[in-house]
Structures are given as structure tokens and as C-alpha cells.
Amino acid sequence: MSDVTRLEEPAGDRRSAAELLPLVYDELRKLAAAKLAAESPGHTLDATALVHDAWLKLNGQSFSSRSSYLQAAAVAMRRLLVDHARAKKAAKRGSGGRVELSCDPAAPADRDEELDALDVALERLAVSQPRIVELVQLRYFVGLTIAEAAAVLDIAPRTADAWWAYARGWLAEEMRK
């Protein structure tokens, strides 16, 4: 069982981001590395930078548990990846620089545009299903398994699995629009 699913601290014991980072750093870094490995080649963020930037966003806050810290880290990592993708898209549009186009029909779709579309769809889903969005963030942006995400969210793995199936279907439909 991973560090993510270990028992939580006693209720009411708030800890700062600086205190919690060493407890989850290795796990977050491995997950971030796995997530970034799936990104398009030439990605300028690396796992260490992503984890450190997420920590900087969370620094100064306090959290009641490892789970709440991981949830906040998932949101921070999502924001960082989306902001990075949007900045790359803006640079392509407005930089006047050369843009390479691939004629290869098997070339992967632009991950930056996909990430931007996912972010917009997650914002819409959060209006009616915020807990499902938390699950998606933990699975997609942090890379947790269903069991790990269920433990973080304090729900049954079967519930997490059902939510994940719903989210995948809803997001696929929403992103086609």
C-alpha cells in the first residue's frame, strides 16, 4: 500500500504545507514524473518543477490531513499544467515564431489544446459534481489509482470506480462539443 493511503493524522491536527511536503514529496514526484512522461515530447516542465511549483502555491496554508493536502496539490498541479499549456498556445499564436506542422496523420493531437478543453469541461462539471471533479484531479493530474484516490477522498473504491466511469463518459461528451 502506498504512502498516499496510510492512515490520516488525528482530527483537528492542522499542519502546514511545509510540514506535509516531506511526507508526500517522493510520492508526488513519482506521480508527476509518470504524468509528464505521457505529455508531448519537448514539454518544458519536469516533475520536480511541477511538485515545487505546486508547493509554492500551497505554502502558507494549513491542512487537516494528508488527504486534504493531496487534494489541494492536485488542484495546484492542474492549474499549473493548464496555465503552462495556455501560455504555450499563446506563444504559438502571438510570437511570430515558426510553428512546425506535422503532415503525419498518426501524429498525436495537440496536448495543450486537449488540456485546455479538459479544464473548461471540469469547470462545468464542478458546478454539479464537485466531488467527481476532485476524483478526476487526483487520477488525471496527480496519477493516483482508483484505490488511492478513494482513500484520499474517503469513499469506497467501488464508488470511486463508478464516479470515474461517469466522469470519463461525461467529459468525453462535453469535450466533443
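The values are calculated or read from the model by the stated rules, or taken from the named source; none is laboratory data. Remember, predicted model here, so these are calculated numbers, not experimental data. Note: ideal-geometry Cβ built from the backbone for every residue, glycine included; neighbour counts use all protein chains shown.
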- In region 2-47, what residues are crowded, with 16+ Cβ neighbours inside 10 Å, among the charged types (D, E, K, R) and at pLDDT 80 or above? Arg15, Glu27, Arg29
- Item | Contacts under 9 angstrom Cβ, first residue in region 60-72 being touching a residue at least 12 places away in the same chain (Cβ under 8 Å), partner crowded, with 19+ Cβ neighbours inside 10 Å and of a type in the set (S, T, N, Q), 6 or more apart | Phe63/Gln71; Gln71/Gln137
- Message: Taking the criterion of being among the basic types (Lys, Arg) and closer than 17 Å to Gln71 by Cα, would at least one residue in region 156-176 satisfy it?
- Response: no
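Looking only at region 45-66, which residues are touching a Leu at 6+ places or on another chain (Cβ under 7 Å), closer than 14 Å to Pro22 by Cβ and in a helix (DSSP H, G or I)?
Val51, Trp55, Arg66
Quick grid of which residues meet (1) among the acidic types (Asp, Glu); (2) at pLDDT 90 or above; (3) in contact with a Cys (Cβ under 9 Å, 6 or more places away or on another chain); (4) farther than 26 Å from Lys30 by Cα:
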position: Trp55; (1), (2), (3), (4): no, no, no, no
position: Gln61; (1), (2), (3), (4): no, no, no, no
position: Val75; (1), (2), (3), (4): no, no, no, no
position: His84; (1), (2), (3), (4): no, no, no, no
position: Cys103; (1), (2), (3), (4): no, no, no, yes
position: Asp110; (1), (2), (3), (4): yes, no, no, no
position: Val127; (1), (2), (3), (4): no, yes, no, yes
position: Arg158; (1), (2), (3), (4): no, yes, no, no
- region 142-177, residues that are more than 15 Å from the chain's Cα centre (by Cα), within 24 Å of Ala47 (Cα to Cα) and surrounded by fewer than 18 Cβ atoms within 10 Å (Cβ to Cβ): Ala147
- Task: For region 112-177, please list each of the helices (runs of 4 or more DSSP H) lying entirely inside it that holds at least 3 residues being aliphatic (A, V, I, L, M) and within 22 Å of Ala54 (Cβ to Cβ).
- Result: 130-136, 146-153
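Within region 119-156, which residues are of a type in the set (A, V, I, L, M) and touching a residue at least 40 places away in the same chain (Cβ under 8 Å)? Outline the logic, then answer.
Step one: list which residues in region 119-156 are of a type in the set (A, V, I, L, M), which gives 120-122, 125-127, 132-133, 135-136, 138, 142, 144, 146-147, 149-153, 155-156.
Result: Ala121, Leu122, Leu125, Leu138, Val142, Leu144, Ala147, Ala151, Val152, Leu153.
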